[in-house]
Amino acid sequence: MTKTRLSLTLICLAGCLWMCAANCNTHNQARKYSVVIDPKATKETKALFLNLQKIQESNILVGHHDATLYGHAWAGDDNRSDIKDVCGSHPALIGFDFAIATNKPYEVSKQRFESTLKQTTEAYDRGAVVTFCWHANNPHNGQTAWVDTTKVVENTVRELLPGGKAHEAYKINLKQIADMAKLAKGSDGKLIPIIFRPFHEMEGGWFWWGRLYRTPKEFKELWRFTVEYLRDHLGVHNFIYAYSTDCKFKTFEEYLTDYPGDKYVDVLGMDDYWDFRPDGANNPTLAAEKVKMISDLAQAKGKLAAMTETGLESIPDSTWFTTKLLPVLRYKGAKLAYVMLWRNDTQMKQHFYAPFPGQISVPDFLKFYKDEYTLFEKDLKEIYK
C-alpha cells in the first residue's frame, strides 16, 4: 500500500469515528434530518433539501450539465436530451450556469437567457432538480472566469469585499442572479428551488477566485457576503448553497481550507475528473476515498453530499459507468445525494461526458440506468412536497 493510499485510508477511518461520535447522542433513535441554512426558504426548497437527505440514504440522482439545452449533435430541440435519447428518461438533475445572467448584456444573450429559464421551468414541472454553477466573468477587470496563468493575476476576491474597488460591480452581478432566480417559476407559479454552486474548484489556479490569488480568509468572507446579500438583502429564498472543491485535497483539513462555515453551506461537494483520466491520476480508488470522506463529513455536519462534476471526456471506456463510476459512488456505503456529468458540447465533437445513440458506452450506460441505486427523472416522485 502506498503512503498516499494509507494516509487516505486512515483519514477515512478518522472521518467514520468523527461521524459516529457526532451521532452518538441519537443512537437507537429515529433518523433526524437537518434543514437548509435559509430560515425563510420556500416550502418547496425546504422539501427538496429534506427529500434529498432521505434519497442519499439509499439512492443517488444522476445529473447532466446543460442536458436539455443542447447535445452532441443538436441544439434547441424541445423536450430532448442525449440521456433521454439513450434510455428514455431525462437525468434527474439538470445543470445550468448563472453566467447567462451576469456575463453579457441581456440583449446580447436574450434567446439563451430565455431558453435557460424555459428549460428550468420545464425541468421543475416534470419533477426534476435544477442546479446552477457560476462561471463568473471577473467583476474587477471584465475578463473571463479563467485566468491567463502566464501573467500576474490580481487578487480579485479582495476587491469584491466591502470597501474593495469592485464591490459595487459585484453587487450588480448578485442582483442579476437574484432577478433571474425570482423569474424562475414553475407552471404552478411557485419559485423553483435551485442548488446554487458558486466559486467551484476554488483550490485550483484556473479561475480568478483560485487559492493562488487570494487568502482562505478572503474567500470565506466573500462567500459569506454572497449568501447574506442574496438571502438577506435581495430576498432570494429558493437557493440551496453548494460548496464544491476540486479533487486536490487529501485530508479533511485540506478539504475545509476555504470552508465558510456550517451556517453558509447546505451541500458538500467535489468535482473530480483527474482521478479518472488516463492522462491524470488514472486511479478511481482515489476518487472513491475522497467521496467517502465528503460523505462522512456531510453526515457529521448534517449536510448533503454530492459529486458535483465528473466524467470521462469522450467516454473511450465502453464499461466506464458500471466498472469505474458506480463503484466510486457506492464506495464503502458512501451517501451522496447526486452526481453530475459534465456537458455534451455541440461544436466540439470530442467534448462529451454522457453517451448518445451509437456511442460505445450506451449498453453499459443502460445497465447504469437500470441499477436500483441510480435515479433518473422518471424515478422522482413529489420531490418538492
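The values are calculated or read from the model by the stated rules, or taken from the named source; none is laboratory data. Keep in mind it's a predicted model, so treat the numbers as computed, not measured. Cβ placement follows ideal geometry from the backbone for every residue including glycine, while neighbour counts extend to all protein chains displayed.
So the check is Cβ under 6 Å with 6+ separation or different chains; which pairs have a first residue in region 298-317 that's farther than 12 Å from Glu57 by Cα and a second one that's hydroxyl-bearing (Ser, Thr, Tyr) and in a strand (DSSP E or B)?
Close Cβ pairs (under 6 Å, with a partner that is hydroxyl-bearing (Ser, Thr, Tyr) and in a strand (DSSP E or B)) amount to Ala306/Tyr338; Thr308/Ser244.
Anything in region 237-256 that is more than 30 Å from Leu286 (Cβ to Cβ), out of contact with any Lys or Arg (no Cβ under 7 Å at 6 or more places or on another chain) and assigned to a loop (DSSP other than H, G, I, E, B)? List them, or say none.
Asn238
Going through Ala41, Ala75 one at a time, which residue ends up being over 20 Å from the mean Cα position of the chain (by Cα) and either modelled with pLDDT of 95 or more or hydrophobic (A, V, I, L, M, F, W, C) (or both)?
Ala75 is the lone residue from the list that is over 20 Å from the mean Cα position of the chain (by Cα) and either modelled with pLDDT of 95 or more or hydrophobic (A, V, I, L, M, F, W, C) (or both).
Six or more apart or on different chains, Cβ under 7 Å: which pairs go from a residue in region 43-62 that's part of a helix (DSSP H, G or I) to one that's buried (at least 22 other Cβ atoms within 10 Å of the Cβ) and of a type in the set (Asp, Glu)? Could you list them?
Pairs that qualify, where the first residue is part of a helix (DSSP H, G or I) and the partner is buried (at least 22 other Cβ atoms within 10 Å of the Cβ) and of a type in the set (Asp, Glu), are Phe49/Asp266.
Considering only residues that are farther than 28 Å from Phe365 by Cβ and either in contact with a Ser or Thr (Cβ under 7 Å, 6 or more places away or on another chain) or among the basic types (Lys, Arg) (or both), which ones fall in region 80-104?
Across region 80-104, the qualifying residues are Ile100, Lys104.
Test Gly210 against the stated conditions and say whether it is in contact (Cβ under 8 Å) with a residue 24 or more places away in the chain and crowded, with 20+ Cβ neighbours inside 10 Å.
yes
Would a scan of region 304-311 turn up a residue that is more than 20 Å from Arg197 (Cβ to Cβ) and part of a loop (DSSP other than H, G, I, E, B)?
The answer is no, given that none of the residues of region 304-311 is more than 20 Å from Arg197 (Cβ to Cβ) and part of a loop (DSSP other than H, G, I, E, B).
If Lys292 satisfies every condition in (1) touching a Gly at 6+ places or on another chain (Cβ under 8 Å); (2) in a loop (DSSP other than H, G, I, E, B) but one, which is the exception?
Going through (1) touching a Gly at 6+ places or on another chain (Cβ under 8 Å); (2) in a loop (DSSP other than H, G, I, E, B) one by one, Lys292 breaks only (2).
Does any residue of region 176-189 turn out to be in contact with a helix residue (DSSP H, G or I) (Cβ under 8 Å, 6 or more places away or on another chain), surrounded by fewer than 23 Cβ atoms within 10 Å (Cβ to Cβ), small (Gly, Ala, Ser) and outside any loop (DSSP other than H, G, I, E, B)?
yes
Look at region 262-287 and say how many of its residues are charged (D, E, K, R), closer than 26 Å to Leu48 by Cβ and either over 19 Å from the mean Cα position of the chain (by Cα) or assigned to a loop (DSSP other than H, G, I, E, B) (or both).
1
Please work out which one of (1) of a type in the set (Phe, Trp, Tyr); (2) in contact with a Ser or Thr (Cβ under 8 Å, 6 or more places away or on another chain); (3) in a loop (DSSP other than H, G, I, E, B) is the condition Tyr259 fails and give its number.
Single failed check for Tyr259: (2).
May I ask you to verify whether Leu336 is aliphatic (A, V, I, L, M), assigned to a loop (DSSP other than H, G, I, E, B) and within 30 Å of Leu183 (Cα to Cα)?
Here the answer is yes, as Leu336 does meet what is asked.
From Lys171, Lys182, Lys175, which residue is under 25 Å from Pro105 (Cα atoms), touching a strand residue (DSSP E or B) at 6+ places or on another chain (Cβ under 8 Å), in contact (Cβ under 8 Å) with a residue 40 or more places away in the chain and of a type outside the set (Gly, Ala, Ser)?
Residue meeting the stated conditions: Lys182.
Of the residues in region 347-385, how many are touching a helix residue (DSSP H, G or I) at 6+ places or on another chain (Cβ under 7 Å), crowded, with 21+ Cβ neighbours inside 10 Å and either of a type in the set (Gly, Ala, Ser) or in a loop (DSSP other than H, G, I, E, B) (or both)?
4
Determine if region 129-149 includes at least one residue that is touching a Ser or Thr at 6+ places or on another chain (Cβ under 7 Å), at pLDDT 95 or above and over 23 Å from Lys171 (Cα atoms).
Yes.
Is it fair to say Leu326 is assigned to a helix (DSSP H, G or I), within 26 Å of Pro363 (Cβ to Cβ), touching a helix residue (DSSP H, G or I) at 6+ places or on another chain (Cβ under 7 Å) and modelled with pLDDT of 95 or more?
Yes: the conditions hold for Leu326.
Return yes when Lys290 is in contact (Cβ under 8 Å) with a residue 60 or more places away in the chain, touching a Cys at 6+ places or on another chain (Cβ under 9 Å) and surrounded by 24 or more Cβ atoms within 10 Å (Cβ to Cβ) and no when it is not.
Yes.
Check region 91-102 and report whether any residue there is over 21 Å from the mean Cα position of the chain (by Cα) and either farther than 26 Å from Ala305 by Cα or assigned to a loop (DSSP other than H, G, I, E, B) (or both).
No, every residue in region 91-102 fails to be over 21 Å from the mean Cα position of the chain (by Cα) and either farther than 26 Å from Ala305 by Cα or assigned to a loop (DSSP other than H, G, I, E, B) (or both).
Please find, among Asp279, Asp258, Asp272, the residue that is touching a strand residue (DSSP E or B) at 6+ places or on another chain (Cβ under 6 Å) and either farther than 25 Å from Val36 by Cα or surrounded by 20 or more Cβ atoms within 10 Å (Cβ to Cβ) (or both).
So the residue among Asp279, Asp258, Asp272 that is touching a strand residue (DSSP E or B) at 6+ places or on another chain (Cβ under 6 Å) and either farther than 25 Å from Val36 by Cα or surrounded by 20 or more Cβ atoms within 10 Å (Cβ to Cβ) (or both) is Asp272.
Of all residues being of a type in the set (S, T, N, Q) and assigned to a helix (DSSP H, G or I) in region 103-128, which is surrounded by the fewest Cβ atoms within 10 Å (Cβ to Cβ)? Just the residue, please.
Gln111
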